[in-house]
1. Answer with yes or no whether Lys39 is open to solvent by 60 Å² or more (accessible area, probe 1.4 Å), in a helix (DSSP H, G or I), of a type in the set (Lys, Arg) and under 17 Å from Leu10 (Cα atoms).
2. Please state which one of Lys45, Lys67, Lys40, Lys49 is basic (Lys, Arg) and closer than 16 Å to Glu19 by Cα.
3. Name the residues in the range 25-36 that are more than 15 Å from Glu59 (Cβ to Cβ) and exposed (fewer than 11 other Cβ atoms within 10 Å of the Cβ), would you?
4. Kindly check whether there is at least one residue in the range 37-55 that is at pLDDT below 95, within 10 Å of the chain's Cα centre (by Cα) and on the phi < 0 side of the Ramachandran plot.
5. Got at least one residue in the range 21-36 being outside any helix (DSSP H, G or I), out of contact with any His (no Cβ under 7 Å at 6 or more places or on another chain), of a type in the set (Gly, Ala, Ser) and modelled with pLDDT of 90 or more?
6. When you look at Leu17, is it within 14 Å of the chain's Cα centre (by Cα), under 23 Å from Lys74 (Cα atoms) and open to solvent by 80 Å² or more (accessible area, probe 1.4 Å), yes or no?
7. If you check Leu61, Leu72, which single one turns out to be part of a helix (DSSP H, G or I), in contact (Cβ under 8 Å) with a residue 60 or more places away in the chain and under 16 Å from the mean Cα position of the chain (by Cα)?
8. Within the range 53-71, is even one residue surrounded by 13 or more Cβ atoms within 10 Å (Cβ to Cβ) and among the polar types (S, T, N, Q)?
Amino acid sequence: MNDKKAKAILLIEKIRLIESEIFQLSAKYGVKTVEELDKKIKECKLSEKFLGDDLFSFEYLVMEKDKLGKELAKLHIKKSE
C-alpha cells in the first residue's frame, strides 16, 4: 500500500468518526445543520445556555469534516487504486 492510499484511508476514517459525532449532536437537538441549530436559537426553541459547548463542537466538527474532505480530494484517489 502506498503512502497516498494510506493517507486516504486515514482521512476517510477520521471523516466517518466526525460524521458519527455530528449525527449524535444532530439527533440530540433535532437538526441537520449548524444553520438549523442557529435558527432554533433565534426562534427561542433552544438556548445557547442549554446547548453549552455542543454548539461550538457542532460548528468545529462541520469545519473539520470540510477540511478533511478537501485534503482527501487533493489526493485524487480512484476506487481502483
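The values are calculated or read from the model by the stated rules, or taken from the named source; none is laboratory data. Owing to the predicted nature of the structure, the values given are computational and were not obtained by experimental measurement. Here the Cβ is made from the backbone with ideal geometry for all residues, glycine too, and neighbour counts use every protein chain on show. All accessible areas refer to the heavy atoms of the entire protein, side chains included, with ligands and DNA or RNA removed. Shrake-Rupley method; radii C 1.70, N 1.55, O 1.52, S 1.80 Å.
1. No: the conditions fail for Lys39.
2. Unique residue meeting the criteria: Lys67.
3. Once the filter is applied, which keeps residues that are more than 15 Å from Glu59 (Cβ to Cβ) and exposed (fewer than 11 other Cβ atoms within 10 Å of the Cβ), the range 25-36 yields only Ala27.
4. Within the range 37-55, none of the residues are at pLDDT below 95, within 10 Å of the chain's Cα centre (by Cα) and on the phi < 0 side of the Ramachandran plot.
5. yes
6. yes
7. Leu72
8. Looking for residues that are surrounded by 13 or more Cβ atoms within 10 Å (Cβ to Cβ) and among the polar types (S, T, N, Q), one finds at least one in the range 53-71, hence yes.
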